[in-house]
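One structure is given here, and the rest of the page talks about it.
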Amino acid sequence: QVQLVESGGGLVQPGGSLRLSCTFSGNFFDIFNMNWYRQAPGKQREWVAGITTGSTTSYLDSVMGRFTISRDNVERTVYLQMNSLTPEDAAVYYCKATRDTYEYWGQGTQVTVSS
């Protein structure tokens, strides 16, 4: 059974940085595509960034150039480096693992951006 655990969230000032981690427990991490989503209060969950099994990356336009997704198949972890954070980036961030019809979500980690 796959379990995902996010960490690294917290309070940061505007312009600051955070690195989120999502640790995958289970086998075959390297054959899962990994994605980060976020959900702000009163808003729908939105996709933020994705990385394929071949490490091809893609990003939401509003985070392009500020966020970087990466994966470490040995550590079975996916990362989201977030720079130049703004209050609009504040949300609960979730990671998702997908393969074929399988889909797994983590429990989320809170990111607060405030001075």
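Remarks
- ³J(HN,Hα) computed for each position of region 33-48 - Karplus, 6.51 cos²θ - 1.76 cosθ + 1.60, integer Hz, glycine/proline x: 6, 10, 9, 10, 10, 8, 9, 8, x, x, 10, 6, 5, 10, 6, 10
- Accessible area in square angstrom per residue, region 1-97, 1.4 angstrom probe: 51
- The relative contact order of the chain, computed from alpha carbon pairs under 8 Å that lie at least 6 residues apart in sequence, is 37 percent.
- Size descriptors for the chain, from the alpha-carbon set: Rg then Dmax equal 13.4, 42 Å.
The values are calculated or read from the model by the stated rules, or taken from the named source; none is laboratory data. What you see is a predicted model, and the numbers here were worked out from it, not measured in a lab. Keep in mind that these areas ignore ligands, DNA and RNA; they rest on the heavy atoms of the full protein, side chains included. Shrake-Rupley method; radii C 1.70, N 1.55, O 1.52, S 1.80 Å.
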